[in-house]
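Please see the structure below; I have some questions.
Please treat every number below as a calculation from the coordinates, not as lab data. Everything numeric in this text was worked out from a predicted model, so none of it was measured. No Cβ is skipped: glycine too gets one built from the backbone with ideal geometry, and neighbour counts run over all protein chains shown.
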Amino acid sequence: MINRILHIGLIAVLGLLAASCTEDIVMELPEGKKIPVVEGSITDECKRHEVILSYSSELYSTDSREMISGAEVYVTGNNDTIWYYEQENRPGHYLSDSVAGVKNRRYHFEVRVEENTLYSTPLIIYADTKMSNNPSSGIDSVGLLPLRNQEGIPFVDENAAVCVCPYFQTLSNPNIVYLVELYLNGRLFKNRPSKLFNLYPMQGYAGYYFNGPEMLKNNTEIPVGVMNKSYLHEGDVIGVKLYSISEDYEYFLIGQKLAIGVNPVMGAFPAMFSNLFSNCNAIGWFNATSVLVGEGVYHEDIFQQ
């Protein structure tokens with residue numbers, strides 16, 4: 001009888017515990033102070049460069065981020081001034097005229113916002129950075145090779161893919177990191193999850209001719225990206241861009257992709273890497289980077305043994 005009573009009591013306690021697990025728990029999270037967020041760049045490509053200005057959003061916010069309009073945005077370098085103009089139908093998005101930056105040149109970036117929702121005084125944000133260097137010879141060619149198994153046989157099933165292998169003379173600086181972008185017939189190829197996985201450090205390869213004879217003594221060609229064969233057709237043009245960035249900017253990108261929320265950089269991460277100085281605790285990055293560009297033509301017969 002005692003065992004039966006204990007058994008019934010245990011069932012009752014477990015039932016109460018199970019019921020309690022279904023109750024909603026509401027946590028009151030403190031609201032963080034909004035701060036300006038900057039995403040901007042200039043490269044040595046002749047094009048319109050962009051700066052995006054917004055305010056940080058709350059943790060787990062589903063609202064669209066508040067953009068910063070009416071800012072004065074410019075970059076100076078070697079007595080040249082490049083202005084960024086806000087786009088008429090895209091608040092907070094600022095574009096320069098078509099212009100190319102210069103490798104190894106130092107640039108001063110500055111933003112001034114007279115009327116803002118944070119202070120009664122103007123917001124002033126600035127950064128000083130040096131554009132990265134890159135080989136003057138650029139990418140000589142881009143090899144498109146089949147993804148192979150351990151026996152060296154190309155995959156021809158659902159794992160079939162094309163390895164994108166550039167050939168170029170690297171610089172001797174081992175701290176260079178390349179941010180890789182792949183293009184298919186002139187359009188950015190987006191089947192990779194995020195820029196976090198497109199970072200390619202040059203440690204161990206610096207000073208070599210990339211995918212040249214010295215590197216191939218103990219290896220096959222090394223890809224900087226892979227494209228699934230199902231996306232490709234005979235004669236497609238595959239392009240690659242290698243943006244030379246610093247290790248600090250690499251850490252910033254990693255932190256950015258690990259942040260949770262709709263805003264690229266959230267107020268919940270005040271310790272995130274940033275190269276900005278300001279009178280308002282702004283975060284983000286202004287990046288000056290040089291670019292290597294190359295392309296190759298895809299042919300289906302690369303999968304034939």
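Taking K103 as the anchor, which lysines have their alpha carbon closer than 29 Å to its alpha carbon, excluding any fewer than eight residues away along the same chain?
Cα-Cα hits under 29 Å: K47, K130, K190, K195, K241, K257.
Still on this structure, please answer the following. Between S120 and V226, what is the label-to-label distance in nm when each label sits 7 Å out along the Cα-to-Cβ direction?
Placing both labels 7 Å beyond Cα along the Cβ direction yields 6.0 nm.
Ranked from highest to lowest mean number of other Cβ atoms within 10 Å per residue, what is the order of the peptides 284-297, 77-90? Walk me through the numbers on the way to the answer.
On the way: 284-297: 21.4, 77-90: 12.6.
Ranked from most to least packed, the peptides come out as 284-297, 77-90.
Report, by chain and number, residues whose modeled amide H sits under 5 Å from the one on L184, excluding near sequence neighbours (fewer than 5 apart, same chain).
Under 5 Å from the amide H of L184: F189, G239.
So if I place +1 on the C-beta of Lys and Arg and -1 on the C-beta of Asp and Glu, and nothing else carries charge, what would the dipole magnitude of the range 103-239 be about its Cα centre? I want it in debye, nearest 20.
Numbers: 12 positive and 13 negative charges, 65 e Å.
In debye, rounded to 20, the range 103-239 gives about 320.
When the Karplus curve 6.51 cos²θ - 1.76 cosθ + 1.60 is applied with θ = phi - 60°, which whole-Hz ³J(HN,Hα) does each residue of the range 208-225 get, with x for Gly and Pro?
These are the phi-based 3J(HN,Hα) values: 7, 7, 4, 6, x, x, 5, 6, 8, 4, 10, 9, 8, 4, 9, x, 9, x Hz.
If the chain between K130 and K47 were fully stretched, how many nm would it gain, using 0.36 nm times the residue separation less the Cα-Cα distance? Provide the component values of the computation, followed by the final result.
Values: separation 83, 0.36 × 83 = 29.88 nm, distance 1.88 nm.
Fully extending the segment from K130 to K47 adds 28.0 nm.
For E72 and H299, calculate 0.36 nm times their separation in residues minus their Cα-Cα distance, and state this gained length in nm to one decimal. Let's see the in-between values first.
Numbers: separation 227, 0.36 × 227 = 81.72 nm, distance 4.87 nm.
So the chain would gain 76.8 nm between E72 and H299.
Highest mean first, how do 64-70, 298-304 rank when packing is the count of other Cβ atoms within 10 Å averaged over residues? Working shown, then result.
Working: 64-70: 16.4, 298-304: 12.6.
So the peptides 64-70, 298-304, ranked by packing, come out 64-70, 298-304.
Give me a comma-separated list of calculated 3J(HN,Hα) values for the range 140-147, in order, Karplus coefficients 6.51, -1.76, 1.60 applied at θ = phi - 60°, integers in Hz, x for any Gly or Pro.
Per-residue couplings from phi come out as 6, 6, 10, x, 10, 10, x, 5 Hz.
Here is a follow-up. Compute the FRET efficiency between D248 and E214 as 1/(1 + (r/R0)^6), taking r as their Cβ-Cβ distance and R0 = 35 Å, and round to the nearest 0.05.
Values: r = 30 Å, r/R0 = 0.84.
Given R0 = 35 Å and the Cβ-Cβ separation, E is 0.75.
Using R₀ = 45 Å, calculate the FRET efficiency as 1/(1 + (r/R₀)^6) where r is the Cβ-Cβ separation of Q150 and N185; round to 0.05.
Details: r = 32 Å, r/R0 = 0.72.
Between Q150 and N185 the formula returns 0.90.
Can you find, among A161, N173, M215, the residue farthest towards the positive end of the dipole of the range 157-237? Put +1 on the C-beta of Lys and Arg, -1 on that of Asp and Glu.
N173
Let me ask you something else. Take the alpha-carbon centre of the range 111-151, take the same for the range 219-235, and report the distance between them in whole Å.
For the range 111-151 versus the range 219-235, the Cα centre distance is 25 Å.
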